[in-house]
């Protein structure tokens with residue numbers, strides 16, 4: 001049972017403020033006060049955040065930190081032109097530096113391409129783009145290995161990328177990159193759309209599951225919709241997943257985010273309510289069932 | 001108890017008579033046709049329907065940026081209304097009962113004007129179109145789309161509010177289980193909420209493949225439809241796993257959506273209907 005392994009439960013800064021900056025110290029207190037173990041800091045604009053500040057806030061509030069990347073326009077490690085690739089490589093190395101300083105075990109996110117890029121009509125183009133992604137992420141992985149940091153690559157649903165939609169495609173990309181410190185971030189919101197069977201997908205990934213984000217089928221409070229949660233948590237148990245689980249949603253009030261993830265309506269009465277109820281749901285799902293007590 | 005139809009949109013550019021024959025052979029009662037009357041050969045369609053012993057069930061409207069009911073350009077709004085009227089005429093000629101309706105261009109996810117203004121334009125257009133449909137003996141079915149395909153009406157509760165505001169017996173609610181799988185907390189409960197307002201149904205699995213090829217449990221969904229005393233069509237709008245569906249259909253196509261999914265979809269539902277003792 002996963003809670004015995006001691007999974008940390010975290011909250012994404014996307015639920016709190018965007019872009020997240022050095023002025024958001026109060027967010028650390030909110031997350032800690034709600035009872036979370038971890039805060040997932042999304043590095044939207046590295047110039048607005050400093051790693052030392054994050055480390056100080058984390059230490060002050062007793063929270064662990066997970067570092068996650070945001071791949072808006074320009075941050076495309078698999079772009080056809082070398083200059084764009086170089087820019088994305090620089091950004092990802094910056095994320096690794098953040099992770100190393102704050103003690104995050106990984107950099108997580110859909111780092112293989114810009115999110116919501118133009119669709120490619122030709123499978124040959126996608127194959128080429130995946131090869132460029134593998135090449136670039138191999139360089140990032142080697143850099144990260146020097147700090148003991150891992151890469152957790154996130155498949156996204158069909159409307160956000162056409163490069164890596166399913167866990168199976170994620171496993172393939174990990175194979176192409178072929179580094180020990182490269183695995184997957186799995187997100188239940190995307191899995192709901194793309195996986196034929198969510199539990200089977202988790203078990204197929206097995207030890208490659210480095211990180212987990214929990215979100216309801218409408219990006220609302222985990223437990224309030226129709227994600228097959230029991231099957232999901234059982235499958236995490238099956239693979240002996242001991243890593244963090246992060247509650248993720250997005251502030252519909254931030255225009256840039258609303259556009260990026262197509263979220264135009266509040267998915268809970270308030271983001272605080274989503275965070276508090278989401279935490280309670282994840283904690284209770286991680287509790288051993290009676291069947292497990294000997 | 002249900003009447004079954006299959007949406008030929010996913011057959012792409014294949015001649016329509018081949019698609020109609022495939023749908024009929026798989027055991028469907030009807031064929032759902034793409035709303036492009038200007039490109040359609042009415043003689044070919046009616047001949048194929050009659051030769052295969054099936055009827056035209058419904059017309060699925062295609063809302064491009066040039067056919068946007070809530071465009072900030074008045075001319076575009078008018079074109080969208082004229083387009084839907086064309087589909088209603090097309091349905092009437094073919095004897096189809098339903099024309100689908102969504103008041104934004106597909107894949108447009110950013111409002112051009114404020115949402116209240118757009119809602120008002122959509123209500124005015126739907127009111128006019130429902131009247132037009134009534135005269136033609138056809139019903140409009142309002143289909144909420146998921147967040148990646150529209151921003152205005154994504155959920156059942158919004159659609160029902162819209163339908164009640166228009167207040168016409170010729171404007172019904174339409175359930176599409178793929179969109180609902182992204183937007184609704186409980187698909188069956190939303191269908192129950194629609195009740196007698198349910199006028200058209202698209203079944204697709206969580207990944208937009210044929211029911212049975214994803215992870216949705218269709219038993220409570222079918223039960224809810226039956227409990228709504230639904231007399232309309234059970235249709236299947238299955239589409240490839242891509243954001244750019246048109247690109248796939250224009251390019252490599254989607255072969256599994258022809259024979260394999262056409263046959264699997266109806267068989268899957270019929271098995272549940274039988275299991276639930278609804279037949």
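Numbers at a glance
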{"item": "Helices (runs of 4 or more DSSP H) enclosed by segment A:43-160 - at least 2 residues per element that are closer than 30 Å to residue A:196 by Cβ and touching a residue at least 24 places away in the same chain (Cβ under 8 Å)", "result": "A:123-145"}
{"item": "Residues satisfying the stated conditions in segment B:180-205, i.e. within 11 Å of chain A (Cβ to nearest Cβ) and touching a residue at least 24 places away in the same chain (Cβ under 8 Å)", "result": "B:180, B:181, B:182, B:183, B:184, B:187, B:188, B:189, B:190, B:205"}
{"item": "Within segment A:38-76, tally of residues that are touching a strand residue (DSSP E or B) at 6+ places or on another chain (Cβ under 7 Å) and surrounded by fewer than 19 Cβ atoms within 10 Å (Cβ to Cβ)", "result": "1"}
{"item": "Matching residues, segment B:143-171, being free of Cβ contacts under 8 Å to residues at least 40 places away in the same chain, in contact with a helix residue (DSSP H, G or I) (Cβ under 7 Å, 6 or more places away or on another chain) and farther than 15 Å from residue B:125 by Cβ", "result": "B:146, B:147, B:154, B:155, B:156, B:160"}
{"item": "Some residue of segment B:20-27 being buried (at least 19 other Cβ atoms within 10 Å of the Cβ), free of Cβ contacts under 8 Å to residues at least 40 places away in the same chain and over 18 Å from residue B:133 (Cα atoms)", "result": "yes"}
{"item": "Scan of segment A:229-258 for residues that are surrounded by 15 or more Cβ atoms within 10 Å (Cβ to Cβ) and modelled with pLDDT under 90, ordered by number", "result": "A:250, A:251, A:252, A:254, A:257, A:258"}
{"item": "Criterion violated by residue A:204 - all others in (1) assigned to a loop (DSSP other than H, G, I, E, B); (2) surrounded by fewer than 23 Cβ atoms within 10 Å (Cβ to Cβ); (3) away from every other protein chain (no Cβ under 14 Å) satisfied", "result": "(1)"}
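The values are calculated or read from the model by the stated rules, or taken from the named source; none is laboratory data. Remember, it's a predicted structure, so these values are computed and weren't measured experimentally. Cβ atoms come from the backbone with ideal geometry, glycine included; neighbour counts cover every protein chain shown.
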